[in-house]
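Trainee: My questions all concern the structure below.
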């Protein structure tokens, strides 16, 4: 299905990258860079210590990148992709956070989602909730 277009022929935006959405895009962008850098270092230097934890850290980085791009683009399809990314992110933070307490040997070093994102000031726990809320609000106001 084609994206709705305005009078100039451009794809209509949902507003996900406007107002408070700009702050979310910026925070997601910073977290994407931080998670990417940390996961690359962990995989290259310490992979044998905790392979599962470091692969999950890299997955988190990819999810942050997808959410950032989706929110920044702001068209209907990108917003839907960002919403899925934020939902997967929230599930990941909750599952990995719980597992890092239940099976601490699997998470000997902090990762983005371990201990519910405590190494990042719990931003990974709060951010997907805000992202989901904002994307749904922006979608409703655009509809």
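Since every read-out is calculated from the coordinates, none of them should be taken as a lab result. Note that the structure is a prediction, hence the values are computed from the model and not measured. Heads up, the Cβs are rebuilt from the backbone with ideal geometry, glycines too, and the neighbour counts pull from every protein chain shown.
Trainee: Pairs of Cα atoms under 8 Å, at least six residues apart: use those to get the relative contact order of the chain, whole percent.
Mentor: Taking the mean separation of contacting Cα pairs over the length of the chain, I get 27 percent.
Trainee: For a footprinting-style exposure proxy, rank 18, 110 by other Cβ within 10 Å, fewest first.
Mentor: 18, 110
Trainee: Helix-only estimate, please: 222 nm mean residue ellipticity of the chain, summing -39500 (n - 2.57) across DSSP H runs of length 4 or more and dividing by its residues, to the nearest 500.
Mentor: Helices in the chain give a 222 nm mean residue ellipticity of -24000 deg cm²/dmol.
Trainee: Moving to a separate point now. Please sort 41-53, 73-85, 118-130 by packing, taking for each peptide the average over its residues of neighbouring beta carbons within 10 angstrom, highest first.
Mentor: Highest-to-lowest ranking by the protection proxy: 73-85, 118-130, 41-53.
Trainee: Please compute, for the alpha-carbon atoms of segment 99-143, the extent along each of the three principal axes and give them in descending order in Å.
Mentor: Sorted largest first, the three principal extents are 48, 17, 10 Å.
Trainee: Given 5 Å bins starting at zero, what is the percent of C-alpha pairs of the chain in each, up to the one with the largest pair distance?
Mentor: Result returned by the calculation: 2, 11, 20, 21, 16, 11, 8, 6, 3, 2, 1, 0.
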